[in-house]
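Only the coordinates and a few stated rules stand behind these numbers; no lab work does. Everything numeric here is computed off the predicted structure, so don't read it as measured data. Every residue, glycine as well, gets a Cβ built from its backbone with ideal geometry; the counts of neighbours run over all protein chains shown.
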Amino acid sequence: MKITVIHGQGHKGITYKITKTVLEFLAEDDDEINEFFLPKDGPSFCVGCNTCFMKGEEFCPGADKVQPIMKSMEESEIIILDSPNYVMEMSGNMKNLMDHFA
């Protein structure tokens, strides 16, 4: 089974530890787990250039970061998005990635 985990923060605090506990419960030894840590593995902020709409997603200035994450998600049976709660919402890094998926 393939599992993709996108961490909405770069540090390994409580949210990370909870996700690891969930993975210990879900994953088998032979499962493939792909982890991405934002902002390190994510794209820079979307600037609203509309290139993705006009020319295609592969032409997005952040495509080199977004496409590997999207490919991993498309191939996975389980997708875990974790993020600490920032001002009653997901982290800005996670929101930025979701903006790129729009």
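Out of all the residues in region 1-37, which are part of a loop (DSSP other than H, G, I, E, B) and either under 18 Å from M94 (Cα atoms) or of a type in the set (V, I, T) (or both)? So that I can check it myself, show each step before the final result.
Applying the first criterion (part of a loop (DSSP other than H, G, I, E, B)) to region 1-37 yields 1, 8-13, 27-31.
Correct list: G8, Q9, G10, H11, K12, G13.
Quick test for you: out of E57, E89, E24, pick the one residue that is at negative phi, free of Cβ contacts under 8 Å to residues at least 24 places away in the same chain, surrounded by 11 or more Cβ atoms within 10 Å (Cβ to Cβ) and more than 15 Å from the chain's Cα centre (by Cα). Break it down stepwise before answering.
On the way: E89 fails: surrounded by 11 or more Cβ atoms within 10 Å (Cβ to Cβ); E24 fails: surrounded by 11 or more Cβ atoms within 10 Å (Cβ to Cβ).
Being at negative phi, free of Cβ contacts under 8 Å to residues at least 24 places away in the same chain, surrounded by 11 or more Cβ atoms within 10 Å (Cβ to Cβ) and more than 15 Å from the chain's Cα centre (by Cα) holds for just one of E57, E89, E24, which is E57.
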>> Of everything in region 46-102, what is assigned to a loop (DSSP other than H, G, I, E, B), within 28 Å of I14 (Cβ to Cβ) and of a type outside the set (G, A, S)? Give them in sequence order.
In response: E77, P84, N85, V87, M88, M90
